[in-house]
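Laboratory data are not the source of any read-out in this text; all were calculated from the coordinates shown. No experiment lies behind these values; they were computed from the predicted model shown. Cβ placement follows ideal geometry from the backbone for every residue including glycine, while neighbour counts extend to all protein chains displayed.
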Amino acid sequence: MKTQGLIVAGFAALLMTGCATQNPYTGEQQTSKSTIYGLGGAAAGAVVGAATSSKKDRTKGALIGAAVGGAAGGGYGYYVDQQEARLRQELTGTGVQVIRNGNDLQLVMPGNITFATNSSDISSSFYPTLNSLVKVFKEFDKNGIDIVGHTDSTGSMELNMRLSQQRASSVASYLTGQGVLPGRISSRGVGPTQPIASNDTTTGRAQNRRVEINLRPL
């Protein structure tokens with residue numbers, strides 16, 4: 001275990017070198033997410049590499065495992081770093097929220113800017129935003145695109161489930177119609193079953209009416 005720790009520490013030093021950037025707002029040095037993922041991959045790789053090697057070759061196995069794990073973790077982490085930056089650039093001022101959770105990206109599109117009330121027809125004013133998404137999805141094509149429709153609790157469960165599915169399907173159809181590969185896309189509606197705010201207030205219901213796009217590794 002001591003050898004594995006030294007190996008991971010060595011890879012950490014290598015990954016940290018040149019990966020710290022200055023925050024333009026605070027002036028502080030900070031480590032990119034890709035570096036953090038690389039460190040996690042190196043640690044996991046070292047453990048697996050050592051565990052699957054004989055005692056004689058344990059150091060060598062840990063070294064190889066750390067190298068492979070670090071490259072895999074850092075590589076995809078860097079990819080998501082770049083994709084996140086492009087999405088934030090394209091979606092500035094559109095009302096679409098970009099959320100990063102580890103290697104997953106989530107785009108939250110409020111219902112009031114996406115669809116008319118009780119309709120699954122995409123608002124014409126939202127097409128430019130969807131076109132921006134199409135551009136990024138074509139540039140970054142290593143993600144699966146999971147589209148989920150949500151509603152508030154007003155009305156019957158049957159109506160809300162149907163409306164949420166139709167809205168998710170409308171977004172999916174538009175993306176494929178603009179050239180995003182259908183094999184990357186899935187769509188579903190969950191109605192009012194996954195609220196993010198209280199349905200007892202007007203503001204809360206407005207937050208619950210939304211379409212989310214979840215981007216994960218294929």
If you build the convex hull over the alpha carbons only and average its shadow over all orientations, what do you get for segment 95-217? Give it in nm² to one decimal. 7.2 nm²
Along segment 106-112, Karplus-curve 3J(HN,Hα) (6.51, -1.76, 1.60; θ = phi - 60°) to the nearest Hz, with x for Gly and Pro, reads 10, 10, 10, 10, x, x, 5
Calculated FRET efficiency, THR202 and ALA85, Cβ-Cβ r, R0 41 Å, to nearest 0.05? 0.75
Which of THR203, THR154 has the fewest other C-beta atoms within 10 Å, and how do the rest follow up to the most? THR203, THR154
Taking alpha-carbon centroids only, segment 129-181 lies from segment 94-123 a number of Å equal to 9 Å
Just want the ordering: ASP104, ASP121, from fewest to most Cβ atoms lying within 10 Å of their own Cβ. ASP121, ASP104
At ARG162 and GLN178, where each label point lies 7 Å from the Cα along Cα→Cβ, what is the point-to-point distance in nanometres? 2.9 nm
Label-to-label distance, nm, for residues given as GLU139 and GLN194 (7 Å Cα→Cβ offset): 2.7 nm
Inter-site label distance for ILE113 and THR94 at 7 Å from Cα along Cβ, in nm: 0.9 nm
